[in-house]
Amino acid sequence: MASLQEPWLLETGNLKGCSKEIRHGRTAHNMSSSSLRKKSDLTLVSKVRFVMLRQFLTNLQEVILGTKLSVLFPAVPLAIVAQCYGFGRPWVFALSLLGLTPLAERISFLTEQIAYYTGPTVGGLLNATCGNATELIIAIFALSQHKIDVVKYSLLGSVLSNLLLVLGTSLFCGGIANLRREQKYDRRQADVNSLLLLLALLCHSLPLLFRMSGASAALTADPTLQLSRASSIVMLIAYVSYLVFQLFTHRQLFEAQEESEDDDGVSEEEPVIGFWSGFIWLVGMTAVIALLSEYVVGTIEDASNSWGISVSFISIILLPIVGNAAEHAGAIIFAFKNKLDISLGVALGSATQISMFVVPLCIVVAWIMGIKMDLNFNLLETGSLALSIIAVAFTLQDGTSHYLKGLVLLLLYIVIGACFFVLKTPLSNGIDTVIGA
Amino acid sequence: MESAGELSYMENGESNKRLMGKETCNNNGGVIRTAHNRSNSFMRKKSDPILVSTIRFQMLRQFLTNLQQVIFGTKLAVLFPAIPLAIAADYYKFGRPWIFALSLLGLTPLAERVSFLTEQIAYYTGPTVGGLLNATCGNATELIIALFALYQNKIHVLKYSLMGSVLSNLLLVLGTSLLCGGLANLKKEQRYDRKQADVNSGLLLLGLLCHMLPLMFRYAAQPSGISIAESTLELSRASSVVMLVAYIGYIIFQLKTHRQIFDAQGDGGEDEDEDEEKAVIGFWSGFSWLVGMTLIIALLSEYVVGTVEAASETWGISISFISIILIPIVGNAAEHAGAIIFAFKNKLDISLGVALGSATQISMFAVPLCVVVGWIMRIPMDLDFSLLETGCLALTILVVAFTLQDGTSHYMKGVVLCLCYIAISACFFVHKIPAPLDQTNVNLELNSA
């Protein structure tokens with residue numbers, strides 16, 4: 001099953017020399033997630049007699065208990081139980097949300113472990129695609145249940161959360177912790193990401209303006225759809241060239257700074273689980289995420305009705321906070337250590353990934369499935385997106401930081417959150433009027 | 001007619017004319033080798049005078065040299081036969097789409113030759129007048145097309161073509177230059193002087209404000225139902241005067257007080273012999289060629305504007321797409337190629353000067369000039385370019401201003417700008433608005449309130 005030899009060798013530290021040759025691309029995303037890990041204490045396991053059992057338990061301990069967020073793991077079986085025994089649907093919703101948080105973090109850990117074996121380029125690609133696996137899976141499930149509004153809101157909320165909340169709290173905490181020091185970061189990385197976000201903003205604004213300046217909804221629906229699909233292909237091309245730029249030609253702009261005297265021992269460059277065990281765990285966890293996402297998407301209206309909050313608020317604010325919790329914590333920790341490049345890499349990279357990859361991918365998937373999803377995210381949401389992108393682009397354009405920048409971004413997020421809190425619109429599914437059960 | 005003496009000296013390559021030429025050019029700043037001029041110089045090829053010199057008669061020889069310099073002195077000369085073909089097509093009543101296509105093809109080399117002639121004349125008139133000439137005639141094609149559209153009361157074609165020219169310069173020309181330059185210089189650092197880009201961005205933002213005010217004015221006044229057409233017109237006319245004042249200020253800034261920002265970098269032993277600072281044709285011959293070519297441009301522009309609807313119906317593309325995308329690509333073809341070539345050589349200042357300077361010129365000179373001409377001719381042309389176009393313009397200027405504000409470049413910037421242009425052209429491709437039936441009504445869209 002798993003390559004059981006490797007954990008043994010790692011315990012005795014023989015493989016250190018071999019792993020260093022595999023430059024596995026310690027991107028900002030990997031490094032930030034690594035701060036949430038804790039070194040597994042293998043002394044308890046080593047007391048178990050049988051070798052196979054011992055290795056299996058080691059594996060289990062690494063994967064399941066290897067994170068500070070593992071306290072939330074019991075929510076996963078609780079959510080399944082709640083669904084099967086027909087507890088209140090809001091409970092299913094809340095428990096699924098709680099269960100998604102550690103799973104998202106474990107996926108990124110497993111992706112990083114697999115990247116040790118596959119080399120830096122494929123590792124980077126894996127990270128780029130699976131980095132936001134949770135948001136992608138939630139979006140695809142919502143699409144299959146014809147809840148197009150939930151898709152749009154959750155993806156938009158994810159971008160806003162990354163740009164304003166994660167970045168704001170990181171800059172704020174980093175600024176407060178480093179009051180006497182100068183905080184610098186490389187602005188070229190921020191510039192490339194801001195530029196891609198502006199392209200995404202253009203692709204979102206065009207269908208909106210088209211709709212607003214058009215004659216009637218019926219006449220402009222089809223052209224808007226064609227335009228959205230064409231724009232999605234444009235955005236995917238831009239994302240592919242961004243990957244080429246980031247992983248091949250201009251890697252030096254994006255590589256996380258190496259630190260030697262770091263905190264936990266996970267900075268050492270060797271994997272802690274084997275390739276196949278990592279792969280199997282990845283598949284398994286993705287399946288569990290898919291299950292919980294299905295619960296989340298299915299019960300969102302009931303939760304909204306019971307708690308008295310609008311669906312838009314839940315989709316734009318609550319869902320992304322949960323999905324991004326691990327990255328969020330990591331970004332703040334690195335900002336405390338005055339390593340702003342990594343925090344920016346996490347926040348901006350995630351936002352770029354969602355707006356240039358996940359959103360057009362959903363449009364293409366909807367195209368294949370025959371669902372009419374377009375890039376028109378309505379005036380209020382597109383306006384919020386536009387102002388957020390402009391604010392972030394302006395904030396990051398000079399290469400230094402202080403706590404007031406973080407405070408402003410944070411307050412922007414609070415204002416947008418308040419806006420969607422008071423906005424109680426009914427779910428209008430546009431042309432596709434099937435209401436998901 | 002021409003100063004025939006000058007040409008014979010040129011053929012013999014004597015240095016007499018060289019000295020004379022250098023003195024007539026102002027020694028203060030030499031001839032203005034603006035970015036525009038230098039980029040077009042790549043389209044030229046050195047004329048080979050050997051063939052001509054075997055002809056006996058001196059006058060004939062000089063005339064043929066002149067002809068060779070002017071007509072064949074460019075790589076685009078292959079497109080010249082389109083001009084007589086277009087005239088023949090119009091005379092013999094071929095299909096109107098054919099007239100449209102042939103006129104477009106014929107305009108491309110003519111636009112480049114006009115800029116060549118302007119540069120030649122600038123050798124004789126000195127740097128300041130030369131710079132002014134370049135500034136005015138640099139976008140002669142777009143200006144003439146616009147004036148004809150105004151005259152035929154096709155306000156929407158006018159607005160679309162001018163706006164499309166700005167978009168094409170800012171996104172397509174700039175994007176492909178940055179992309180090609182970035183790919184060709186992957187290992188090198190690409191820098192440019194950001195002050196020139198900043199000045200142009202500032203002026204473009206002023207133009208954007210002047211476009212958005214009538215638009216927001218119209219939306220703000222809609223609920224109350226009062227007719228705001230006259231107020232919008234007055235506001236547009238006042239804004240046009242403001243924009244022309246800004247453009248004059250920009251000319252003074254560029255040609256007199258802050259010339260050092262805009263001077264193209266000198267290069268010692270680089271390209272071909274077009275770097276030598278002497279004119280290849282006489283002043284009066286250049287002037288008469290200029291007048292002649294402008295007349296032909298006017299004729300072809302009249303064909304283009306007259307047949308644009310027929311072409312749109314036959315080819316099944318909307319008028320907005322033809323005006324915003326096709327016509328500007330044709331009009332800008334020569335500048336486009338030149339900008340890409342300079343970007344390959346990592347001389348981004350020149351590429352930026354071409355693209356941004358052209359966009360500023362159209363936005364701050366051609367557009368308000370059309371409003372003023374419309375004012376004189378009592379045609380209600382205003383600055384309200386409707387929501388979709390103004391939105392595209394706003395986002396374009398924002399993206400370009402942000403792209404150019406740090407002074408370095410890599411191919412990713414070019415990729416993003418090109419993809420923005422593709423997205424905008426896709427938008428106008430699917431935007432099938434009906435052609436206006438009422439010629440005096442300039443507001444096209446049917447707004448659902």
Notebook entry, point to check: How big is the gap, in Å, between the Cα center of segment B:297-317 and the Cα center of segment A:92-111?
Noted result: 60 Å
Next item on the list: Would you mind giving the total buried accessible surface between chains B and A, with a 1.4 Å probe and ligands, DNA and RNA left out, rounded to the nearest 100 Å²?
Entry: 3000 Å²
Check: Ranked by accessible surface with a 1.4 Å probe, highest first, in what order do A:K424, B:K93, B:K347 come?
Finding: B:K93, A:K424, B:K347
Margin query: Starting from 0.36 nm per residue, how many nanometres of slack lie between B:K432 and B:F72 once their C-alpha separation is accounted for?
Written below: 125.5 nm
Margin query: Give the separation of the Cα centroids, segment B:374-399 to segment B:86-113, in Å.
Written below: 28 Å
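Provide the FRET efficiency to the nearest 0.05 for the A:L179-A:D398 pair, computing r from the beta carbons and using R0 = 22 Å.
Computed FRET efficiency for A:L179 and A:D398 comes out at 0.70.
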Check: Say a paramagnetic label sat at a point 7 Å from the Cα of A:R187, along Cα to Cβ; which residues of segment B:338-372 have their backbone N under 19 Å from it?
Finding: none
Margin query: Please compare each pair in A:K68/A:K184; B:K256/B:K347; A:K184/A:K337; A:K184/B:K188; B:K187/B:K413 to a cut-off of 18 Å on the Cα-Cα distance and tell me which ones are over it.
Written below: A:K68/A:K184; B:K256/B:K347; A:K184/B:K188
Notebook entry, point to check: So which trypsin sites (Lys or Arg not before Pro) in segment A:109-207 end up in coil per DSSP with only 15 or fewer other C-beta atoms within 10 Å?
Noted result: A:R180, A:R181
Checklist line | Prolate/oblate/rounded call for segment B:134-199, Cα gyration tensor, a/c under 1.5 rounded | finding: prolate
Next item on the list: With label points built 7 Å along Cα→Cβ from the Cα atoms of B:L295 and B:L209, find their separation and express it in nm.
Entry: 4.5 nm
Check: Which net charge results for the neighbourhood of A:C203, defined as the other residues with beta-carbon distances under 12 angstrom from its beta-carbon, given Lys and Arg at +1 and Asp and Glu at -1?
Finding: 0
Next item on the list: Using label points projected 7 Å from each Cα along Cα→Cβ, tell me how many nm separate B:A310 and B:E234, to one decimal.
Entry: 4.3 nm
Checklist line | segment B:182-256: trypsin sites (Lys or Arg not before Pro) falling in loop per DSSP and having at most 12 other Cβ within 10 Å | finding: B:K187, B:K188
Margin query: What distance in nm lies between label points placed 7 Å from Cα along the C-beta direction at B:Q405 and A:V71?
Written below: 4.3 nm
Checklist line | Solvent-accessible heavy-atom area per residue, rounded to whole Å², over segment B:159-245 at 1.4 Å | finding: 41 Å²
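The values are calculated or read from the model by the stated rules, or taken from the named source; none is laboratory data. Quantities reported herein were computed from a predicted structural model and do not represent experimental measurements. Glycine also receives a Cβ, built like all others from the backbone with ideal geometry; neighbour counts cover every protein chain displayed. Heads up: the accessible areas ignore ligands, DNA and RNA and are worked out on the full protein's heavy atoms, side chains in. Shrake-Rupley method; radii C 1.70, N 1.55, O 1.52, S 1.80 Å.
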